[in-house]
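Reading through the structure tokens given below for one structure.
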Amino acid sequence: MKAQLEAIKSAAIAAVNAANDQDEIEALRVQYLGKKGELTAILKQMGSLSPEERPVMGQLVNEAKAAVESLIAEKTTAMKAKAQEEKLKAETIDITLPAKPVNKGKLHPLNTVLDDMIDIFVSMGFDVVDGPEVETDHYNFECLNVPADHPARDMQDTFYLGENLLLRTQTSAAQIRTMENRKPPIRVICPGRVFRADEVDATHSPVFHQIEGLVVDKGITMCDLKGVLEQFAQEIYGKDTQVKFRPSFFPFTEPSVEVDVTCSECGGKGCRVCKGSGWIEILGAGMVHPNVLRSCGIDPEEYSGFAFGIGLDRLTTTRYKISDIRLLFENDKRFLEQF
Ligand code: DAH
């Protein structure tokens, strides 16, 4: 029996030593130390021993069990440590690898120019207001003194969304919404996208940007309009910039003007950008028509005002010498990353 015990013990020790993973060890534990295990089974043969031999044998079996148990514990700890080490090794970050590039966002050139313009007007006391891009005929035309059959509707090719709904063709619609919501003195600008069903080419896009301006108060004159626009032009283009008013027509202003500034490219001498004229047209403006004031419940006998609409896209393409307006809308990263 002793020899049998020795044989089982050394077989168990050899097997545990040869085991390669924790599953194998567990299987060996069951095989030798489990309830029906080989070392447990041997205890059951004790009945055949003499009373003197029993404790001796019992002790030997316990020693054998303890030896196998402690070897299993030792192996298990070693295996766990090894597994942990391997896991850490696999998860090591190689700090010598080059870092992943971080894509840094930039402002779109239109936003840069818009931010500059907003700063200038805010410094002159204007508030910035917002208006919806989907407008009603009422705000986009009717209240701006352009009734249904007025020929001035042909000045702007409109995207209609329904009988009375349209994509705003001009930020001028915001003038009406402002005058409905505020009492004079009013001093606001409204930047935003506008839409027209124009032929698309290097200088025309079906979507472009305007900045509407509106001032209404007692005693506002054309001189105020000229002063504000001159100040604006000189801050945007430089101190020597001159501003020229040309008579024009807009249904919502009387008198109406188109405003040119000296070409920033040639300083007024004449070049390719200004087509030899020395001037660049940047906006339309005028004194708010009494009908428009009246349609918003403002008495034109008491109040007067001026309004203007600046084309943001033209200002941006001339500042950055961008030859094609479509580049502003294509979102080509190769183009945008240059700014
Ligand atoms: N809304 C005009 C356009 O899109 C521009 C304009 C002209 C706006 C005169 C105004 C204005 O506020 O007074 O062509």
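Count Lys and Arg as plus one, Asp and Glu as minus one, and take only other residues whose Cβ is under 14 Å from that of residue 300; the net charge is then -3. Using alpha carbons only, how many degrees (0 to 90, rounded to 10) separate the axis of helix 2-18 from the longest principal axis of the chain? Taking the Cα atoms of the chain, the angle to 2-18 is about 20 degrees. In summary, the convex hull built on the alpha carbon positions of the range 120-197 has an orientation-averaged projected area of 5.6 nm². Share of pairwise Cα-Cα distances greater than 14 Å in the range 260-324 is 65 percent (whole percent). With all protein chains kept in place, the per residue accessible area of the chain amounts to 57 square angstrom at a probe of 1.4 angstrom. The protection proxy used here, the mean number of other Cβ atoms lying within 10 Å of each residue, ranks peptides 87-93, 214-220, 15-21, 31-37 as follows, highest first: 214-220, 31-37, 15-21, 87-93.
Please give the FRET efficiency for residue 10 paired with residue 103, using the beta carbon to beta carbon distance and R0 = 56 Å, rounded to the nearest 0.05. Calculated transfer efficiency: 0.25. The apolar share of the surface of the chain, taken as the fraction of accessible area on carbon and sulfur atoms (1.4 Å probe, ligands and nucleic acids excluded), comes to 52 percent. If you take all C-alpha pairs in the chain, what percent of them are over 29 Å apart? In whole percent, the share of Cα-Cα pairs in the chain beyond 29 Å is 58. The slack between residue 111 and residue 70, meaning 0.36 nm per residue of separation minus the straight C-alpha distance, is 7.4 nm. Set the Förster distance to 25 Å, then compute FRET efficiency between residue 291 and residue 183 from the Cβ-Cβ distance, nearest 0.05. After rounding, the FRET efficiency stands at 0.85. A straight Cα-to-Cα reach below 22 Å connects residue 275 with the lysines 244, 321, residues fewer than 8 places away in its own chain not being considered.
Seen from residue 156, the other residues with C-beta closer than 13 Å to its C-beta sum to a net charge of -2, counting Lys and Arg as +1 and Asp and Glu as -1.
Across the range 209-225, computed HN-Hα scalar couplings (Karplus, 6.51 cos²θ - 1.76 cosθ + 1.60, θ = phi - 60°) run 10, 10, 10, 8, x, 8, 10, 9, 6, 6, x, 6, 10, 4, 4, 5, 4 Hz from first to last residue, x flagging Gly and Pro.
Cβ-Cβ distance of residue 337 and residue 202, R₀ of 30 Å, FRET efficiency by 1/(1 + (r/R0)^6): the value works out to about 0.90. Charged side chains reduced to their Cβ positions (Lys and Arg at +1, Asp and Glu at -1) give the range 2-90 a dipole of some 160 debye around its Cα centre. A straight chain from residue 136 to residue 155 at 0.36 nm per residue would run longer than the Cα-Cα distance by 5.1 nm. Proximity of backbone amide H atoms, modeled 1.01 Å from N, is registered between residue 257 and 248, 285, 286 at under 5 Å, excluding neighbours fewer than 5 places apart on the same chain. Compared with the direct C-alpha span, the chain from residue 266 to residue 81 gains 58.9 nm at full extension, assuming 0.36 nm per residue.
The 3J(HN,Hα) values that the Karplus relation (6.51, -1.76, 1.60; θ = phi - 60°) gives for the range 89-94 are, in residue order, 4, 5, 8, 4, 8, 7 Hz. Gly and Pro appear as x. With N the number of residues in the range 214-314, Rg(Cα) / (2.2 N^0.38 Å) evaluates to 1.18.
Projected over every direction and averaged, the convex hull enclosing the alpha-carbon atoms of the range 2-90 yields 5.8 nm².
Sequence-ordered 3J(HN,Hα) estimates for the range 261-277 from the Karplus curve with 6.51, -1.76 and 1.60 and θ = phi - 60° stand at 10, 4, 4, 6, 6, 10, x, x, 6, x, 8, 5, 4, 9, 6, x, 7 Hz, glycine and proline given as x.
The values are calculated or read from the model by the stated rules, or taken from the named source; none is laboratory data. Computed from a predicted model, the values in this text were never measured in an experiment. For neighbour counting, all protein chains shown are included, and Cβ atoms are generated from backbone atoms with ideal geometry for every residue, glycine included. Just the protein is used for accessible areas: all its heavy atoms, side chains included, with ligands, DNA and RNA removed. Shrake-Rupley method; radii C 1.70, N 1.55, O 1.52, S 1.80 Å.
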